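Just below is one structure, and these are the notes that go with it.
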Amino acid sequence: MYTRIMEISPWTLRSAKLEKEYKRLQESLTSLGNGYMGMRGNFEETYSADSHLGTYIAGVWFPDKTRVGWWKNGYPKYFGKAINALNFSKVKIFVDNQEVDLAKNDVADFSIELDMQHGVLRRSFTVFGVRFDVCKFLSVAQKELAVIRWEAVSVDGKTHQVRIDSIIDADVKNEDSNYEEKFWQVLDKGVSDGLSYIATQTVANPFGVEQFIVNAEQTFAGSFKALGGSQTDWQVSNSFEAKVGSTPETFEKRVIVTTSRDYQGLEAVKAAGRALSEKIAGVAFETLLDAHKAGWLHRWEIADVVIEGSDEAQQGIRFNLFQLFSTYYGEDARLNIGPKGFTGEKYGGATYWDTEAYAVPLYLALAEPEVTRNLLQYRRNQLPQAQHNAREQGLAGALYPMVTFTGIECHNEWEITFEEIHRNGAIPYAIYNYTNYTGDESYLAKEGLEVLVEVSRFWADRVHFSKRNGKYMIHGVTGPNEYENNINNNWYTNTLAAWVLDYTHEALAKYPRPDLNVSAAELEKWADISANMYRPHDEELGVFVQHDGFLDKDIRPVSALSPDDLPLNQKWSWDKILRSPFIKQADVLQGIYFFGDRFNIDEKRRNFDFYEPMTVHESSLSPCIHSILAAELGKEEKAVEMYQRTARLDLDNYNNDTEDGLHITSMTGSWLAIVQGFAQMKTWGGKLSFAPFLPSAWTGYAFHINYRGRLIKVAVGKENVVFTLDRKSVVFTLLKGEPLDLQVYGKDITLNGSHTVALEK
């Protein structure tokens, strides 16, 4: 079941319908961002019906107080929220003194189009005899700059008086704010005929979290005449007018946003905004737009995945890559990848385990190694806070947070905050992934080991020894399958914990670190835990058991449910979900994906065939893992089904929750499904290998990867018909770097220039 409101096109999202029923969904899908700031696809003009206005600034947040019962010692003191910032895009438009309200007016010729190739949002509509064409972008060439241009032309043969009030509005709140609570106060504002600004600051908090200053200054260009400015307690405004006939008139709003993350104190923040406004004052709109477009085209040169034969699939992968790079492109090591990016404030927090588990593999292949290293360094910088989190639970070592801005855990659900401790395995796994993929062991030897040792100390303290079973166990956890809480011996968690201890041990043997004070007794203990870790397994079924007691449930497939039961998280009580066998996302299969070189094909098949039929994929992170494993197992239909679901999760609103914002961190899934799934790219033991297949519904696909100083293009199918009997082929092309030894379908080749092999699947 899905809801599709945008037309299918390889490079654009377009609709000719002014959505009222699905307005929030349309706003989510047409969100823009440039890594520094972003906003939902709201109308700038008045829209008096239901809408979710959202503007967000990277790294700006608020610690909202959490109240819980006294018995929950160690519970986070606050819930960190991505907060809605001042609305700097707002305008009011009047045609012959009638206010344009797109929810109420008789609107004709409406269209909206997101151009993903160039990062531009365009809208058109006709109201009161005037056609308006709107163009908006958040510059990737000048990160502080947002530009919106209106072009107005009469279409009824009359001349109309058009007035535009350009507003910056600080009177905003979060969707989830309690009792209309506001997180902002106005520090300063100013208005003149040609510009206005307003500076806001987050309100005081009792937790020692810094108060952020955000300043927005608007300047203008175009053919409209300035009428003057005005201000109220919460907003500043400049008014402009023009007589609009058959010749188009233009109004251009340029906003510079500066924050205390980059400048110290109010005056410095304001001065920086003023200087940047002056810098662009004489620059033409087309010049600003061209610089922005060039930035996006440069990103696409390496990142683009070309799919032939399915516009649906093509649009899906490009949409996901566009929104992912709109959120994070690695320029700022202080930042990470939030689950909603700049598209909504649901979930809170800026960093989840999603980054390490799902985003790192993509950035390793599509960006310079420094970008992934920045993501790893982000965690190393927060090691003291992770140690604090462990102490809050009375444990040694470091517990990285499930949800955070600063490294301090800031989520308000106990089962997520302190049961879903498997993230303390995903973060070490990212260190391994980076080291194995790049061949660069310098991070592992220094910062990486500092993280690994403290995480290992946590795991060694968190386990307990069962005398009855003679095994180490981990009780009271939640695995990746969040539809089971407070369970014992989650196979995935136990497996990860043992692996971390082993990996740390091996790394210390290779790179001794006396400064970390790891004793021989400590190492011996880690080895004992790993060797005797309990990992539930059922001999009869030949599967790893998700956790103790799982097989005692009423085991049945999702197909046994009525369609009316789905999605479970919107139809069933939490009690009913927790008692059911149905799985939110890959759990055991997540572990098999992480450690794919440890399991043979029969083990993978048995576990996939057992767990996938019970999986409802109500986490956005789920489909890609299943697509990758299905591809390896030769289950083409399932692999393609899961690719479709991960690629078009938001575009088709599969989980019926995209109106809250996009699932940014899972958007790597469509790329992973193609590259690690369909192309079967693996890097086990530092050896690059491929075993591609071509989905029967496609005629070809192609992508690039960066790998150890090389740039490689992989093209599968279509134009590569070089064998007799029309057998399609795979072409590997070394575009940059030294020759490379790799494997294709299990055979060793040396890539130097191009190498063509017949497609085997």
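When you go through Asn320, Asn381 one by one, which is the residue that is in contact (Cβ under 8 Å) with a residue 12 or more places away in the chain, polar (S, T, N, Q) and farther than 21 Å from Lys713 by Cα?
Asn381
Conditions tested, residue by residue: (1) in contact with an Asp or Glu (Cβ under 6 Å, 6 or more places away or on another chain); (2) crowded, with 19+ Cβ neighbours inside 10 Å.
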| site | (1), (2) |
| --- | --- |
| Asn488 | yes, no |
| Ala498 | no, yes |
| Leu501 | no, yes |
| Pro514 | no, no |
| Glu522 | no, no |
| Arg535 | no, no |
| Asp548 | no, no |
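Filtering the range 591-623 to residues that are under 15 Å from Met642 (Cα atoms) and in contact with a Gly (Cβ under 9 Å, 6 or more places away or on another chain) leaves Ser620, Leu621, Ser622, Pro623. Based on this model, can you work out whether Asp515 counts as in a helix (DSSP H, G or I) and more than 34 Å from the chain's Cα centre (by Cα)? Spelling it out, Asp515 is indeed in a helix (DSSP H, G or I) and more than 34 Å from the chain's Cα centre (by Cα). The C-beta contact set for the range 87-116 (first residue at negative phi and assigned by TED's automatic domain parsing to the domain that holds Leu53, second residue part of a loop (DSSP other than H, G, I, E, B) and of a type in the set (Phe, Trp, Tyr), distance under 6 angstrom, 6+ apart or interchain) comprises Val95/Phe128; Gln98/Phe128; Leu102/Phe43; Leu102/Tyr47; Ala103/Tyr47; Met116/Trp11.
Of all residues in the range 630-658, those satisfying the criterion of being surrounded by fewer than 19 Cβ atoms within 10 Å (Cβ to Cβ) and either within 22 Å of the chain's Cα centre (by Cα) or in contact (Cβ under 8 Å) with a residue 24 or more places away in the chain (or both) are Leu633, Gly634, Glu636, Lys638, Glu641, Asn656.
Residues that are buried (at least 17 other Cβ atoms within 10 Å of the Cβ), modelled with pLDDT of 95 or more and more than 29 Å from the chain's Cα centre (by Cα) do occur in the range 280-297.
The condition of being at positive phi and assigned by TED's automatic domain parsing to the domain that holds Val130 holds for Gly228. Suppose the filter is over 27 Å from His52 (Cα atoms) and acidic (Asp, Glu); does Glu659 pass it? Criteria not met by Glu659. Scanning the range 20-34 for residues that are touching a Leu at 6+ places or on another chain (Cβ under 7 Å) and in a loop (DSSP other than H, G, I, E, B) gives Thr30, Ser31, Asn34. Within the range 161-172, the set of residues being farther than 15 Å from Lys90 by Cβ and either among the polar types (S, T, N, Q) or within 35 Å of the chain's Cα centre (by Cα) (or both) comprises Gln161 only. Counting the residues of the range 34-52 that are more than 13 Å from Leu18 (Cα to Cα) and within 20 Å of the chain's Cα centre (by Cα) gives 8. Tell me yes or no: at least one residue of the range 108-117 is among the hydroxyl-bearing types (Ser, Thr, Tyr), more than 30 Å from the chain's Cα centre (by Cα) and part of a strand (DSSP E or B). For the range 108-117, residues among the hydroxyl-bearing types (Ser, Thr, Tyr), more than 30 Å from the chain's Cα centre (by Cα) and part of a strand (DSSP E or B): absent.
The values are calculated or read from the model by the stated rules, or taken from the named source; none is laboratory data. The structure presented is a predicted model; accordingly, all values stated were derived computationally and were not measured. With ideal geometry, Cβ positions are generated from the backbone for all residues, glycine too; neighbour counts draw on all protein chains shown.
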